[in-house]
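What follows is a single structure, written as structure tokens, with notes after it.
The values are calculated or read from the model by the stated rules, or taken from the named source; none is laboratory data. Just so it is clear, the model here is predicted, and its values are computed rather than measured. So basically every Cβ, Gly included, is an ideal-geometry build from the backbone, and we count neighbours across all protein chains shown. For the accessible areas, the whole protein counts, side chains as well, though only heavy atoms, and no ligand, DNA or RNA atoms are used. Shrake-Rupley method; radii C 1.70, N 1.55, O 1.52, S 1.80 Å.
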Amino acid sequence: VSAGALPARGIRPLVISGVTVIAMDGRRPVRDRSVLIDGGVIRAIAAAGELESAGADVLPAHGRYLLPGLADMHVHYWEPWDHALYLASGVTLVRNMAGAAFHLAMARRVLQGLEPGPHVVTASPLIDGIGDDGETIWPNVQLLVQPEKAERLVERYAGEGYQQIKAYSWLRLDVLAALGRAAASRGLRLTGHCPEGVSYEQAMDAGLSCFEHLAGIEVGHMADGQRPAVRRRLDAASWSRHGLRAWVGQVDLAAIRGLAGRMAAAQVWNCPTLALAHAASRRPAEALADPRLRYVPPATVAAWASPPDLDEWLDLRRRRLDTLRDVVSVLHAEGAPLLAGTDASNPFVLPGFSLHRELEELVAAGLSPHDALRCATSEAARFLGQSAQWGTVAVGRRAELLLLRADPLHDLRTLREPEAVFVNGYHLARPDLDRLLQARAAWARPASCQPPLMARST
Ligand SMILES: [Zn+2]
């Protein structure tokens with residue numbers, strides 16, 4: 001698939017006729033509506049029949065459901081071809097969590113309409129401290145150990161166009177607080193990992209307002225006054241042996257409830273990425289049986305399948321996933337806001353498809369399908385301060401929409417095969433989405449030299 005094989009950006013107004021609108025604005029679905037979109041914007045919503053006579057193209061959609069496009073609020077988007085998987089899965093916006101110039105350029109290309117999408121919101125490069133081995137967790141990230149240098153760093157990232165500041169696990173609390181002050185003075189959100197050994201309460205006080213993966217939520221919230229394992233180096237063995245065993249089943253949910261109430265009052269967010277924990281809880285043989293791995297280059301799959309297939313490891317991982325669901329349940333019950341994010345493209349966390357898994361995980365944690373979908377639509381937009389632009393089906397919002405064959409509030413599995421995706425002024429019908437998937441599969445085959453639809457920036 002080249003850009004020419006996708007439909008051109010829509011130039012004619014279109015009426016989606018007779019559809020059931022699931023607006024995600026808190027109201028019940030409304031049947032037999034017609035929705036006029038033009039120039040990538042929702043221009044009118046009326047009873048079926050009222051808009052059809054004005055000369056616009058008409059897409060009959062009786063018996064179909066119209067939902068806002070989905071946002072995956074935690075991804076790592078390094079491969080331009082991932083756009084095919086996102087779009088075919090109905091993901092019209094991603095929040096990229098480790099930013100680089102590449103992501104700023106991609107975000108601009110989408111905004112200019114040169115690519116259908118998804119829209120890219122990107123956090124800054126990772127900002128990390130140093131661990132016991134004298135290193136940041138990952139190479140080539142931004143090291144910050146002097147709080148007085150936080151202001152200049154945040155100023156630079158704001159100037160470059162990053163929309164959030166990304167904190168990482170080895171940061172010291174005083175450095176986190178300096179980043180929090182600097183980010184607040186620029187109107188940017190400080191988001192990321194709660195640094196190791198720091199409690200969520202301490203990190204909130206320091207200015208962190210969105211926590212990823214529920215990582216470290218056990219600190220200060222363990223049963224019977226136990227102290228959680230603190231990691232100060234990237235060491236999978238110690239994490240599995242000590243961290244997981246101490247963690248599983250020992251988190252004090254009553255203490256988490258108190259934290260959740262505080263997070264609700266302060267409107268501090270969590271992006272639990274249960275899809276990541278789910279992927280890590282599966283036996284490699286089971287994960288390898290997923291037919292959707294045809295969209296991933298075999299060399300990548302081989303690298304993913306390397307972790308040990310130890311029964312003890314798997315048992316701990318499964319129990320950890322159960323505990324994470326319990327924590328999400330408490331957060332939701334107390335009104336702490338949640339985002340749907342996946343940590344794609346980590347091992348076996350496939351772009352696009354994994355967001356459907358995340359929604360199913362949120363339902364497994366006790367959210368209704370409607371509440372789970374809010375985390376990927378209206379709540380995601382609210383989190384970014386963009387509720388006036390997208391996240392609901394309403395006049396004046398961007399026409400980022402999914403046309404579905406069944407009611408997703410009844411069965412989320414209908415999201416896996418949207419009949420059409422409207423994004424960024426493009427109308428991608430099911431055959432277009434299938435072509436994108438075929439092209440992605442061809443790209444993933446060995447010795448493929450398919451040029452990407454989007455050029456990778458340098
Ligand atoms: Zn991540």
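At a glance:
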{"quantity": "Packing-based ranking, highest mean first, of 199-207, 281-289, 253-261, 115-123 given that Cβ atoms within 10 Å are counted", "calculated": "115-123, 199-207, 253-261, 281-289"}
{"quantity": "Cβ-Cβ FRET estimate between A8 and D407, R0 fixed at 35 Å, reported to 0.05", "calculated": "0.65"}
{"quantity": "Rounded tilt (10° steps) of 311-333 against the dominant C-alpha axis of the chain", "calculated": "70"}
{"quantity": "Shape box of segment 311-458 [Cα atoms, principal axes, largest first, Å]", "calculated": "49, 45, 36"}
{"quantity": "Relative packing of peptides 421-431, 164-174 - highest average C-beta neighbours within 10 Å first", "calculated": "164-174, 421-431"}
{"quantity": "Considering only the chain, percent of DSSP beta bridges that pair antiparallel, nearest 5", "calculated": "45"}
{"quantity": "W269 accessible area, 1.4 Å probe, all protein chains in place, Å² to nearest 10", "calculated": "10"}
{"quantity": "Residue-averaged [θ]222 nm for the chain, counting only DSSP H segments that reach four residues, each worth -39500 (n - 2.57)", "calculated": "-9500 deg cm²/dmol"}
{"quantity": "Sulfur and carbon atoms: percent of accessible area, the chain [1.4 Å]", "calculated": "51"}
{"quantity": "Whole-number Å³ per residue for the convex hull built on Cα positions in the chain", "calculated": "137"}
{"quantity": "Accessible surface, the chain, averaged per residue in Å² (probe 1.4 Å)", "calculated": "40"}
{"quantity": "Solvent exposure, largest accessible area first (probe 1.4 Å, DNA, RNA and ligands not counted), of S387, S124", "calculated": "S387, S124"}
{"quantity": "Label-zone membership for segment 138-157, site R181, 7 angstrom Cα→C-beta point, backbone N under 18 Å", "calculated": "144-156"}
{"quantity": "For Q142, net neighbour charge (Lys/Arg +1, Asp/Glu -1) across residues whose Cβ lies under 11 Å away", "calculated": "+2"}
